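**Q** Below you'll find the structure I mean.
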Amino acid sequence: MSPPRRERRKADPELSDPERLYVITGDTDGERAALDLVTMVVAQADPSPTVQPEQAAILRLCKAPLSVAEISAYLSLPFSVVTSLLTELLATELIESRAPIVRAALPDRSLLEAVMHGLQKL
């Protein structure tokens, strides 16, 4: 069983090193993509040897759609770092993002009653 997140950070200073996080994200003066915690991300290609290790990990994780929050948790990286990495991947079209599918509102009560009455008459 793996140690709790807090203990892993103490054991591995790279996980909480702000300088390392800056190196991962680079100098991002440009705009970031409009991503929130529930935005779904799916990989469009396999990782190439030229992408950063963290971006390659994202591409491997996102073979099936994952939310930005899940990606952040799996990689143990802050949301801001993950959005920066995802912005770069979106720009190179290696991933696709979309808002989560919201369940449709319940049908109108009168429609449900009409269907129920129709079924009762059968």
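**Q** On a full-extension model of 0.36 nm per residue, what is the gain between L122 and A45, subtracting their alpha-carbon distance, rounded to one decimal in nm?
**A** Length difference between fully extended and current span is 22.5 nm.
**Q** Run the simple label-point estimate for V115 and L75 please: 7 Å along Cα→C-beta, distance reported in nm.
**A** Each label point lies 7 Å from its Cα, and together they span 4.2 nm.
**Q** Place a +1 charge on the Cβ of each Lys and Arg in region 60-117 and a -1 charge on the Cβ of each Asp and Glu, then give the dipole magnitude about the Cα centre in debye, rounded to the nearest 20.
**A** It works out to roughly 140 debye.
**Q** To the nearest 10 square angstrom, what accessible area does T92 show with a 1.4 Å probe?
**A** Ignoring ligands and nucleic acids, T92 comes out at about 90 Å².
The values are calculated or read from the model by the stated rules, or taken from the named source; none is laboratory data. Everything numeric here is computed off the predicted structure, so don't read it as measured data. Positions of Cβ are backbone-derived with ideal geometry, glycine not excepted, and every protein chain shown enters the neighbour counts. Surface accessibility is based on the protein's heavy atoms, side chains included, excluding ligands, DNA and RNA. Shrake-Rupley method; radii C 1.70, N 1.55, O 1.52, S 1.80 Å.
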